[in-house]
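The structure appears below as structure tokens.
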Amino acid sequence: MIKQYKLRFYNFRLVLFLLLVSGIGVELVGTARQDLQTKQLAGVVLGVAVMLILSLIDYSWILNFQWIMYGFNIVMLLGVRLFGDSANGAARWIDLGFIRFQPTELTKIIIILFFAKFFMDHEEDLNTLKTLVQAAVLLIIPLVLVYSQPDMKNTITIAIMFCVLVYIAGLNYKIIGGAILIAIPLLIIFLSIVVQPDQKLIKDYQRDRIMSFLYPENEEYSDDVEQQNNSKTAIASGELIGKRLSKEENTASVNEGNFVAENQTDFIFAVAGEEYGFLGCSAIIILLFLISAECVRMSLRAKDQAGKIICCGVGTIVALQAFLNISVATGIAPNTGTPLPFVSYGLTSLVSMFIGMGFVLNVGLQGRAYKKDIEKKDFYQKEEYL
């Protein structure tokens, strides 16, 4: 379970990037809502502690419990469905009295771990119809439970993440091409249906977000449009170094005026733009890019297929959620309610991301160089014995 690792294989650079971006997150959450800063800091401390512990536990041993993790995930999602705590028209949380958490955030990590083991076990027959149907069924079950909450953004995130996982596992390019040819017409049909007033595929508030993006001039969707316009105004007002660093105390603030709803979560990037300007926004983007890049780099050094899939899966979540959040804040995508990894307020999301990073660090600890080092050590021990 816990091996004797060599310190030189530990990715301290990735840990540094995570601490820096999380520190920025604590500062921004405190700027958006002072009363939540202590909770965010506690979440970072807890997340880092869990990450460091998991980074020392052999991920291959944990993957042996793949079906237990899968079952636990289904039970969690069913719990949300049956006993979930509702907010803003969606039941996505479980309230245990002392803590309120969103199981879907942990679901993403569990799905990565489950399919890392599943695809490694089916490495030889991955491109057969039987294996692909099995994988699809195993994905659809949690996906339907997430979608029914309703939670469109995480449904899409998990679906895209799965596509990356199966691609990394070695899916045949002919199958990929065929899937794309089928998916594009289906997407067009789906979009043509959901924009209709009487459609039943998505909730009304989800449709309104799409319509406000497509038809921003329509007064019917003015509230949704105004949120993103205010976000863009906040980002632009920060200019190069932001109002905090330039000490412009007499300047009107979009953040302090509460012109942007949920600025501690969905629009945290707007807070960064207003308070720390272009330099602050660039720092966040660069750090998140470097974190994703480190995940990819670790995948190239992984000792097996499972480790490679874990790193790419976690890296995909960071990159995709960062892209969606920043796209919404800058008005180039409809509002999705996606948190900015390690920056937005949300303890479940924060700790879940650190859990994923713990596995990435362990994959790096057991990379090919470590494996060769162990094999070399065993060889010399055998020679001494003989």
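Each reported figure results from applying straightforward, stated rules to the coordinates on display, with no laboratory input. As the structure is a prediction and not an experimental result, all values here were calculated from the model. In this analysis, Cβ positions are derived from the backbone assuming ideal geometry, glycine residues included, and neighbour counts consider all displayed protein chains.
In table form, for the structure just shown:
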{"quantity": "Aspartates and glutamates with Cα under 19 Å of residue 243, excluding same-chain neighbours fewer than 8 positions away", "calculated": "27, 256, 274, 275"}
{"quantity": "Degrees separating the helix 347-365 axis from the principal Cα axis of the chain, which is the longest one", "calculated": "30 degrees"}
{"quantity": "Gaussian network model of the chain, Cα within-10 Å springs - most flexible of 277, 170, 331", "calculated": "170"}
{"quantity": "Distant alpha-carbon pairs in region 1-151 (separation over 25 angstrom), percent", "calculated": "49 percent"}
{"quantity": "Angle in degrees between helix 37-54 and the longest Cα principal axis of the chain, rounded to the nearest 10", "calculated": "20 degrees"}
{"quantity": "Nearest-0.05 FRET efficiency for residue 144 and residue 199, computed from C-beta distance (R0 22 Å)", "calculated": "0.75"}
{"quantity": "Likely footprinting exposure, 165, 214, fewest C-beta neighbours within 10 Å first", "calculated": "214, 165"}
{"quantity": "Neighbour-count order for 85, 198, fewest beta carbons within 10 angstrom listed first", "calculated": "198, 85"}
{"quantity": "18, 143, 187, 52 arranged by Cβ crowding within 10 Å, fewest neighbours leading", "calculated": "187, 52, 143, 18"}
{"quantity": "Spatial extent of region 29-89: Rg and Dmax, with the Cα atoms as the point set, Å", "calculated": "16.9, 43"}
{"quantity": "3J(HN,Hα) from dihedral phi, region 221-226, Karplus parametrisation 6.51/-1.76/1.60, rounded to Hz, x for glycine, proline", "calculated": "10, 4, 5, 5, 5, 4"}
{"quantity": "Distribution of pairwise C-alpha distances over the chain, 20 Å bins, in %", "calculated": "26, 56, 17, 2, 0"}
{"quantity": "Relative contact order computed over the chain (Cα-Cα under 8 Å; 6+ residues apart), in percent", "calculated": "27 percent"}
{"quantity": "Placed amide H near residue 85: partners under 5 Å, 5+ positions off or other chain", "calculated": "92, 93, 94, 95"}
{"quantity": "Separation between Cα centres of region 33-63 and region 170-190, rounded to whole Å", "calculated": "37 Å"}
{"quantity": "Selected from 145, 78, 245 as most flexible by GNM, with the chain as the system and alpha-carbon contacts under 10 Å", "calculated": "245"}
{"quantity": "Listed residue pairs exceeding 19 Å between alpha carbons, taken from 6/303; 117/308; 117/303; 108/200; 153/200; 153/232", "calculated": "108/200; 153/232"}
{"quantity": "Candidates 194, 48, 146, ranked by Gaussian network fluctuation over the chain, Cα under 10 Å, top entry", "calculated": "194"}
{"quantity": "On Cα atoms only, tilt of 129-147 relative to the major axis of the chain in degrees", "calculated": "40 degrees"}
